[in-house]
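Just so it is clear, none of the values below were taken in a lab; they were calculated from the coordinates. Note that this is a predicted model, so its numbers are computed, not measured. Positions of Cβ are generated from backbone atoms using ideal geometry, with glycine treated the same way; all protein chains shown enter the neighbour counts.
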Amino acid sequence: MVPERSDKHGPRLDDALAGETEPIERGGHTGRAEEWREPEPGGGGQPDVDLAPDATLTGGTPAGMTADDVEGRTELARFLRPSAFPSDAAGLLATARDEGATDAVLGELSRLAEEEPAGRVFDNVQDVWRAMGHGVETRRS
């Protein structure tokens with residue numbers, strides 16, 4: 001395999017720059033010539049730094065939703081592209097099939113298509129998620 005060359009530098013400078021990254025690529029260390037430039041390791045026996053020692057920080061969960069709601073709505077949105085809206089439940093089900101949706105998403109949309117009255121149009125993923133009976137964000141006042 002021929003190494004990539006840049007159009008910005010000549011071959012001589014490319015070789016010099018490649019030599020600077022070789023220790024990192026091969027040896028898994030920084031490749032600094034001066035020892036004082038090496039990053040210092042963490043202190044032995046020191047506790048790990050944690051923003052929430054008694055909890056797990058994984059991101060915010062909007063008021064009115066659970067972490068499972070956020071994850072499920074995100075999964076649904078993966079298969080309902082914005083151009084699919086506005087649409088009825090049957091149209092959204094067809095879009096999700098075309099996008100290769102998971103069985104869980106297709107099952108929820110199939111159930112929605114059976115339960116919703118014909119002609120009900122959904123404007124976005126939030127509307128679909130709410131109609132499926134899941135929690136949605138509540139506005140702060």
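For the reader, a short list of remarks on this structure follows.
- Charge tally around residue 116: other residues with Cβ under 15 Å, Lys/Arg +1 each, Asp/Glu -1 each, net -3.
- Sorted from longest to shortest, the spans of the Cα atoms of region 67-131 along the three principal axes equal 30, 23, 20 Å.
- GluC sites (Glu not before Pro) restricted to DSSP loop in region 84-141 with at most 11 other C-beta within 10 Å: none
- Close amide H partners of residue 122, meaning residues 5 or more places away or on another chain with modelled amide H under 5 Å apart, are 87, 88.
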